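The values are calculated or read from the model by the stated rules, or taken from the named source; none is laboratory data. This structure is a prediction, so every number in the text was calculated from the model and none was measured. Because the Cβ atoms are built from the backbone with ideal geometry, glycine has one as well, and the counts that use them run over all protein chains shown.
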There are 2 protein chains.
Amino acid sequence: MTDGPIKDMPRKGNYHHGELREALIAAARQLVIERGAEHFSLADACRVAGVSTAAPYRHFRDKDEILEEIAARGFDLMAQRSMEAVMAHGPGSIEGIIAMGLAYVRFATQETAIFRLMFGQNPTLKEAVAVRDQGHACFSGVIAQVEAYCARHGVEGDARVIAVKLWTFVHGAACLVIDGEYDVVAPGLDVTAMITAAAPGLLRG
Amino acid sequence: MTDGPIKDMPRKGNYHHGELREALIAAARQLVIERGAEHFSLADACRVAGVSTAAPYRHFRDKDEILEEIAARGFDLMAQRSMEAVMAHGPGSIEGIIAMGLAYVRFATQETAIFRLMFGQNPTLKEAVAVRDQGHACFSGVIAQVEAYCARHGVEGDARVIAVKLWTFVHGAACLVIDGEYDVVAPGLDVTAMITAAAPGLLRG
DNA sequence: AACTTATGTTAGCATCACTAACTTGGCAAG
DNA sequence: CTTGCCAAGTTAGTGATGCTAACATAAGTT
C-alpha cells in the first residue's frame, strides 16, 4: 500500500493527516446525520477520513467524546440560528420571540439527528462539561430575549419563569414533530400556527 | 455443565424454558431501566434469563423487536396511569386534566429509561406497528378527556387542537425535566406549579 | 412407537470499541 | 547537517456483540 487512500476524504499524501481531529468530527457529524447516532460507528468515520481505526484515540478519549463535541457544536449552531431569528424581527418584540421559537422547531426538523443527540439520547453525553456549557449558553440567550420583552412590555412576574414556559412549549413541539407523533394523533396540524397562537398566552405572567 | 444455570433467573431444570419470551422481556426491561437503552445488550438479557445468546431469535426478529415490545408496553402503562389520574379527580374537570398532565411528567421521571425508549431514541422503533398503535391509543385517551372538558365547559375552538397544545407543553416539560435542563437554566423550578399555572391558559380556545 | 414441530444448544462469522507496541516524519538543539 | 525527541500515525490483537447455521431435545400427535 504505497499509494495514499483511494477514496473518500484523501489526505495530502502525508503519513500524518494534519487535521485529523476536525476531519473526524466532520465525518462523524455527517454519518450521524445520515444514519442516526445509534447506528454510527467510529470505524466508519475512520474509513471516511481515510485513517486506521486506531487513529481517533490520539485525539479523543473514546467514541462518546466525538459525539460530545458534535452535540456541543449543535448547541452553538442552535444559538446562532435563534439569534438570527430574533434579530430579524427586532429584539424585545413579540414577533422576535415567536421567530425564535419557530427557529427552534425548524432546527429540530432540519438537523433532526443532531437535535436528538443534543437532547436525551445518551444521558452520559449531557454530563460532559462542553455540552452543558454550550447548552447553558444557548438557553441563556433565549431567556435574555424574553427578559428584554418582559421589561419592555411591563409584564409582571418572573421573566425567567415565563421564558422557561415558552421554552417548554416549543421544546415539546420540536420533539413531537420530529417523532412524527402529531401525524398519528392530529394529522395535518400546522405547528407554526399553533406556536404563534399559543405564544401570547404563555408570555402573560 | 450438567447442572442447570447457577444464578439469576433459573429455569425449572428443563431444557425448554417455557416462558422465555416473557422472561426475556422482563430481563431486558430491567436492564434498560438500570443501564439505559443504549447500553443494553441482548446478551446480558440472555445471561439474566439463563439461556444461550441464540435463544432470543426463536421469539424475536432481532434486538429491536424486544425494545419495541417494551416501548409498546410503556405506552400501555402510561395510558393506565393517565386514566387513573383523571378518574381520581373526575373526568371532564380541569383538575382531572391537570392531574393527567402531572401524571405524564411523573411517568417520565419514574420510568425515565422507558420514557426515553418510547420517544425519539431509535427512530426505527417508532415505525413498528405495535409501538404506533399503543402510542395512538394512549394519546387518544388524553385527547378524549380534553374533548370532554371542552364540551362540558363550552370552550369554543377545536378540542383536538387544544388537547394537542396541552400535550405539547406537558411533553416538553417531561423531556426537559429528565434531561436535567431545568436544573441548568432555572434551578429550583417547581414544574408541578408551572404546569398547574399554565394549564388554564392553554385550555382557552 | 414414530413423526413433527417448537424451542432450546453449540459453534462460528463479521463488526465494533479499544489497547499495546511499533513506525514515521517534522522540528529543535547541538 | 545530524541527532534525537515526540506527536501522531500504523498494524495486530482482544473481548464483546448481533446474528446465523446446524444440531439436539422434549413434548405432543397420530
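Looking at the structure I just gave you, is residue A:131 more than 10 Å from chain B (Cβ to nearest Cβ) and buried (at least 22 other Cβ atoms within 10 Å of the Cβ)?
Yes.
Conditions: (1) surrounded by 16 or more Cβ atoms within 10 Å (Cβ to Cβ); (2) at pLDDT below 50; (3) β-branched (Val, Ile, Thr). Residue A:2 meets all but one. Number of the miss?
Every condition holds for residue A:2 apart from (1).
Can you pull out the residues in segment B:170-192 that are free of Cβ contacts under 8 Å to residues at least 60 places away in the same chain and touching a Gly at 6+ places or on another chain (Cβ under 8 Å)? Quick ask: steps written out before the conclusion?
Of the residues in segment B:170-192, the ones free of Cβ contacts under 8 Å to residues at least 60 places away in the same chain are B:172, B:176, B:179-190.
Within segment B:170-192, B:172, B:179, B:181, B:184 qualify.
Considering only residues that are modelled with pLDDT of 90 or more and β-branched (Val, Ile, Thr), look in segment B:180-200 and name the one that is surrounded by the most Cβ atoms within 10 Å (Cβ to Cβ). Can you show your working first?
Filtering segment B:180-200 down to residues modelled with pLDDT of 90 or more leaves B:182, B:187-200.
Add one more test, that the residue is β-branched (Val, Ile, Thr), and what stays is B:191-192, B:195-196.
Details: B:191: 20, B:192: 14, B:195: 22, B:196: 16.
Checked segment B:180-200; the qualifying residue surrounded by the most Cβ atoms within 10 Å (Cβ to Cβ) is B:195.
For residue B:17, only one of the following conditions fails: (1) within 14 Å of DNA strand C (Cβ to nearest atom); (2) touching a Lys or Arg at 6+ places or on another chain (Cβ under 6 Å); (3) at pLDDT 95 or above; (4) not aliphatic (A, V, I, L, M). What is its number?
Looking at each condition in turn, residue B:17 falls short on (3).
Residue A:170 fails exactly one of the following numbered conditions: (1) modelled with pLDDT under 95; (2) within 22 Å of the chain's Cα centre (by Cα); (3) buried (at least 18 other Cβ atoms within 10 Å of the Cβ). What is the number of that condition?
(1)
With respect to residue A:43, is the statement that it is within 15 Å of DNA strand D (Cβ to nearest atom), among the aliphatic types (A, V, I, L, M) and at pLDDT 95 or above true?
Details: within 15 Å of DNA strand D (Cβ to nearest atom): yes; among the aliphatic types (A, V, I, L, M): yes; at pLDDT 95 or above: yes.
The answer is yes for residue A:43.
Going by the conditions given, is residue A:156 out of contact with any strand residue (DSSP E or B) (no Cβ under 6 Å at 6 or more places or on another chain), among the charged types (D, E, K, R) and part of a loop (DSSP other than H, G, I, E, B)?
Working: out of contact with any strand residue (DSSP E or B) (no Cβ under 6 Å at 6 or more places or on another chain): yes; among the charged types (D, E, K, R): yes; part of a loop (DSSP other than H, G, I, E, B): yes.
The answer is yes for residue A:156.
Filter segment A:108-128 down to residues that are within 19 Å of residue B:122 (Cα to Cα) and more than 11 Å from every other protein chain (Cβ to nearest Cβ), then give me how many there are.
The qualifying residues number 4.
Return the residue satisfying two criteria in turn: it lies in segment A:50-66 and is under 23 Å from residue A:116 (Cβ atoms) and touching a helix residue (DSSP H, G or I) at 6+ places or on another chain (Cβ under 7 Å), and of such residues it is farthest from DNA strand D (Cβ to nearest atom).
Filtering segment A:50-66 down to residues under 23 Å from residue A:116 (Cβ atoms) leaves A:56, A:60-66.
Keeping just the survivors that are touching a helix residue (DSSP H, G or I) at 6+ places or on another chain (Cβ under 7 Å) gives A:56, A:60, A:63-64, A:66.
On the way: A:56: 8, A:60: 10, A:63: 12, A:64: 16, A:66: 13 Å.
The selected residue is A:64.
Going by what's in this entry, would residue A:156 be described as more than 10 Å from chain B (Cβ to nearest Cβ) and of a type in the set (D, E, K, R)? Explain how you work it out, then say what you get.
On the way: more than 10 Å from chain B (Cβ to nearest Cβ): yes; of a type in the set (D, E, K, R): yes.
For residue A:156, the condition - more than 10 Å from chain B (Cβ to nearest Cβ) and of a type in the set (D, E, K, R) - is met.
Can you name every residue in segment B:62-73 that is without any contact (Cβ under 8 Å) to a residue 60 or more places away in the chain and either in contact with a Leu (Cβ under 7 Å, 6 or more places away or on another chain) or farther than 27 Å from residue A:120 by Cα (or both)?
Start the filter on segment B:62-73 by keeping residues that are without any contact (Cβ under 8 Å) to a residue 60 or more places away in the chain, which leaves B:62-63, B:66-67, B:70.
The answer is B:63, B:66, B:67, B:70.
Six or more apart or on different chains, Cβ under 6 Å: which pairs go from a residue in segment A:109-128 that's assigned to a helix (DSSP H, G or I) to one that's acidic (Asp, Glu)? Could you list them?
The qualifying pairs are A:125/A:68.
Any residue at all in segment B:75-85 that's more than 16 Å from DNA strand D (Cβ to nearest atom), over 30 Å from residue B:204 (Cα atoms), away from every other protein chain (no Cβ under 14 Å) and among the basic types (Lys, Arg)?
Of segment B:75-85, the ones more than 16 Å from DNA strand D (Cβ to nearest atom) are B:75-85.
Of the ones still in play, those that are also over 30 Å from residue B:204 (Cα atoms) are none.
No, that holds for no residue.
Only one of these is more than 9 Å from chain A (Cβ to nearest Cβ) and among the hydrophobic types (A, V, I, L, M, F, W, C): B:202, B:166. Name it.
On the way: B:202 fails: more than 9 Å from chain A (Cβ to nearest Cβ).
Selected residue: B:166, the only one of B:202, B:166 that is more than 9 Å from chain A (Cβ to nearest Cβ) and among the hydrophobic types (A, V, I, L, M, F, W, C).
Could you grab me the full set of residues in segment A:91-129 that are closer than 22 Å to residue A:199 by Cα and of a type in the set (Asp, Glu)?
A:95
Test each condition in (1) surrounded by fewer than 22 Cβ atoms within 10 Å (Cβ to Cβ); (2) more than 15 Å from residue A:69 (Cβ to Cβ); (3) not aromatic (Phe, Trp, Tyr) for residue A:108 and report the one that comes out false.
Against the list (1) surrounded by fewer than 22 Cβ atoms within 10 Å (Cβ to Cβ); (2) more than 15 Å from residue A:69 (Cβ to Cβ); (3) not aromatic (Phe, Trp, Tyr), residue A:108 comes up short only on (1).
In the list B:23, B:28, B:49, which residue meets the criterion of being more than 30 Å from residue B:198 (Cβ to Cβ), aliphatic (A, V, I, L, M), touching a Leu at 6+ places or on another chain (Cβ under 7 Å) and crowded, with 18+ Cβ neighbours inside 10 Å? Step through it out loud before you land on a result.
Working: B:23 fails: touching a Leu at 6+ places or on another chain (Cβ under 7 Å); B:28 fails: touching a Leu at 6+ places or on another chain (Cβ under 7 Å).
Checking each option against the conditions leaves just B:49.
Residue B:34 - would you say it is surrounded by fewer than 18 Cβ atoms within 10 Å (Cβ to Cβ), closer than 25 Å to residue B:112 by Cβ, within 13 Å of DNA strand C (Cβ to nearest atom) and under 20 Å from the mean Cα position of the chain (by Cα)? Write out each step before concluding.
Working: surrounded by fewer than 18 Cβ atoms within 10 Å (Cβ to Cβ): yes; closer than 25 Å to residue B:112 by Cβ: yes; within 13 Å of DNA strand C (Cβ to nearest atom): no; under 20 Å from the mean Cα position of the chain (by Cα): yes.
Judged against the criteria, residue B:34 is not a match.
Filtering segment B:134-149 down to residues that are more than 11 Å from chain A (Cβ to nearest Cβ) and of a type in the set (A, V, I, L, M, F, W, C), which residue is surrounded by the most Cβ atoms within 10 Å (Cβ to Cβ)?
Going through the qualifying residues, I end up with B:146.
Return yes or no: is residue B:169 in a helix (DSSP H, G or I) and over 27 Å from residue B:64 (Cβ atoms)? So that I can check it myself, show each step before the final result.
Numbers: in a helix (DSSP H, G or I): yes; over 27 Å from residue B:64 (Cβ atoms): yes.
When the stated conditions are applied, residue B:169 passes them.
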